[in-house]
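Here is the structure we will look at, set down as structure tokens.
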Amino acid sequence: MLKAAPQAHEHQATPPITALIPQARREQGLTQRALADLLCEISQNDSVTREEVSRWERGKRIPGPYWRAWISAALDVPHAEVDRAAVVEREYRRTKTDDPADHQVNTS
């Protein structure tokens, strides 16, 4: 049975959303404020700020599905890639906090 040829992006590891957003933003020539303004404009929802974009980029928050759809449109990145980047970030956080060494109790 023949398999479909894998697409090019399937060979590349998806970066976490904390890397994807700033990289795509810079490629578009946008500042954090400009991205926030663009998201507000295209979504008709003025609740995102430069500070929120900064939180996404620093890993303080992961944008939810609503904002990921708009981020995809604003940065011209496929929606599935933005969603995968959010999953990668969540998995990274989970493995970082599930380290058994983090849960050891100091009995000294």
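Mind listing whichever residues of the stretch 32-76 are of a type in the set (Val, Ile, Thr) and more than 11 Å from the chain's Cα centre (by Cα)? Correct list: ILE42, VAL48, THR49. Scanning the stretch 27-36 for residues that are surrounded by fewer than 18 Cβ atoms within 10 Å (Cβ to Cβ) and in a helix (DSSP H, G or I) turns up GLU27, ARG33, ALA34. Filtering GLU57, GLU91, GLU10, GLU52 for residues that are at pLDDT below 95 and either in contact with a Leu (Cβ under 6 Å, 6 or more places away or on another chain) or surrounded by 10 or more Cβ atoms within 10 Å (Cβ to Cβ) (or both) leaves a single hit, GLU91. When the stretch 13-26 is limited to residues that are part of a loop (DSSP other than H, G, I, E, B) and surrounded by 10 or more Cβ atoms within 10 Å (Cβ to Cβ), the one that is modelled with the lowest pLDDT turns out to be THR14. For first residues located in the stretch 65-91 and within 10 Å of LEU20 (Cβ to Cβ), partners that are of a type in the set (S, T, N, Q) and lie 6+ apart or on another chain with Cβ distances below 8 Å form the pairs LEU75/GLN28; GLU81/THR14; GLU81/SER72; VAL82/SER72; ARG84/THR14; ALA85/THR14; VAL88/THR14; GLU89/THR18.
The values are calculated or read from the model by the stated rules, or taken from the named source; none is laboratory data. Just so it is clear, the structure is predicted and the values come from calculations on it, not from any experiment. Using ideal geometry, Cβ is built from the backbone for each residue, glycine included, and neighbour counts are taken over all protein chains shown.
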